[in-house]
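Visitor: Sharing a structure here in structure tokens format.
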Amino acid sequence: MVNAMSKTVQIAIDGPAGAGKSTISKLLAKELGYVYIDTGAMYRAVGLKVLRCGYSSKDAEAAEQVLKTLDIDIRPSAGAQKVFLDGEDVSELIRTPEVSIAASDVSAIPAVRLAMVELQRNLAASRNVIMDGRDIGTYVLPNADIKIFLTASPEDRALRRYRELIEKNVKADYDEVLNDMLYRDKNDSTRAMAPLCAAPDADIIDTTGNALEKSVEILREHIETRLKNVL
Ligand code: DC
């Protein structure tokens, strides 16, 4: 929503895991001087806490219990974001394959979504943001000025994620990464509340086969063009 007084701009970038949303959003937010908000990190923090408490990530009652004492602190800045769980910096710890699956599981629990969406809307209020997630354009910020649905083939997304893990010296197996990706795609797009899907007014961009630089370039041009109509 563009406010005539403050002209704040909200850019929603949704899409499945591994399409390049966070890498590209982070970069473009930095260039634009916007605040980058990675909403997946919030579901990951909930997933990590549920696992640490020894619960199944599919256990809705346990997740509701965890929510009562959960303290998630998102510290955004231009082009970066730190995530604190109960005072501990978990920005790196939430990136493991186990936490990815747990995040997808807990994100299907309505009480978890309601709590995270409130946090997300508060973070986006009255500032220029690029927010990435699954339901930003459809549910969290339905009046976002620019909506993009970024996608790529599952094989392409799995290969990128596999390479990222190897680069970080995390032991990984491509087939396992692909299976995790397919599991999350199915989970995220078939849940009852705010499933992963493109908003009717979103621009769909497919990055299959693109090098990262090419996808960045496509999105940069796209956003620059759209911003001319918004500002
Ligand atoms: O973007 P990510 O891979 O870090 O997200 C982790 C999980 O969180 C993902 O599998 C689905 C869930 N998620 C969601 O349901 N809604 C969002 N807005 C962001 C993430």
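Visitor: Among the residues in segment 88-102, are any open to solvent by 10 Å² or more (accessible area, probe 1.4 Å), part of a loop (DSSP other than H, G, I, E, B) and more than 14 Å from the ligand (Cβ to nearest atom)?
Guide: no
Visitor: I'm trying to understand the selection: among the residues of segment 120-155, which are crowded, with 18+ Cβ neighbours inside 10 Å and among the charged types (D, E, K, R)?
Guide: Answer for segment 120-155, where residues must be crowded, with 18+ Cβ neighbours inside 10 Å and among the charged types (D, E, K, R): 132, 134, 135, 145, 147.
Visitor: Can you name the condition, by its number, that residue 36 falls short on among (1) away from the ligand (no atom under 15 Å from the Cβ); (2) among the aromatic types (Phe, Trp, Tyr); (3) open to solvent by less than 20 Å² (accessible area, probe 1.4 Å)?
Guide: Failing condition for residue 36: (1).
Visitor: Now a separate question. Examine segment 60-74 for a residue that is in contact with a Gly (Cβ under 9 Å, 6 or more places away or on another chain) and farther than 17 Å from residue 105 by Cβ, and state whether such a residue exists.
Guide: Scanning segment 60-74, I find at least one residue that is in contact with a Gly (Cβ under 9 Å, 6 or more places away or on another chain) and farther than 17 Å from residue 105 by Cβ, so the answer is yes.
Visitor: Taking segment 48-59 only, how many residues are within 16 Å of the ligand (Cβ to nearest atom) and within 12 Å of residue 109 (Cα to Cα)?
Guide: Adding up the residues that qualify gives 2.
Visitor: Related question: Inspect all residues belonging to segment 130-145 and state whether any of them is more than 24 Å from residue 7 (Cβ to Cβ) and more than 11 Å from the ligand (Cβ to nearest atom).
Guide: Scanning segment 130-145, I find no residue that is more than 24 Å from residue 7 (Cβ to Cβ) and more than 11 Å from the ligand (Cβ to nearest atom), so the answer is no.
Visitor: What's the number of the condition residue 45 fails, among (1) open to solvent by less than 40 Å² (accessible area, probe 1.4 Å); (2) of a type in the set (A, V, I, L, M); (3) more than 15 Å from the ligand (Cβ to nearest atom)?
Guide: (3)
Visitor: In segment 156-179, which residue that is buried (at least 20 other Cβ atoms within 10 Å of the Cβ) and not basic (Lys, Arg) is farthest from the ligand (Cβ to nearest atom)?
Guide: In this case the residue turns out to be 162.
Visitor: Further question on the same structure: Being assigned to a strand (DSSP E or B) and surrounded by fewer than 18 Cβ atoms within 10 Å (Cβ to Cβ) is the filter here, so list the residues in segment 48-78 that pass it.
Guide: Listed by number, the residues that qualify are 73, 75, 77, 78.
Visitor: Among the residues of segment 59-76, is any free of Cβ contacts under 8 Å to residues at least 60 places away in the same chain, among the charged types (D, E, K, R), under 24 Å from residue 23 (Cβ atoms) and touching a strand residue (DSSP E or B) at 6+ places or on another chain (Cβ under 7 Å)?
Guide: yes
Visitor: List every residue pair whose Cβ atoms lie under 9 Å apart, where the two residues are 6 or more positions apart in sequence or sit on different chains, the first residue falls within segment 103-118 and is of a type in the set (D, E, K, R) and within 11 Å of the ligand (Cβ to nearest atom), and the second residue, located anywhere, is open to solvent by less than 10 Å² (accessible area, probe 1.4 Å) and not in a helix (DSSP H, G or I).
Guide: Listed by first residue and then by second, the contacts come to 113/107; 113/135.
The values are calculated or read from the model by the stated rules, or taken from the named source; none is laboratory data. Values in this document were obtained by computation on a predicted structure and should not be read as measured data. Don't worry about glycine lacking a Cβ; one is built from the backbone with ideal geometry, like all the others, and counts go over all protein chains shown. Calculation scope for accessible area: heavy atoms of the full protein, side chains included, ligands and nucleic acids excluded. Shrake-Rupley method; radii C 1.70, N 1.55, O 1.52, S 1.80 Å.
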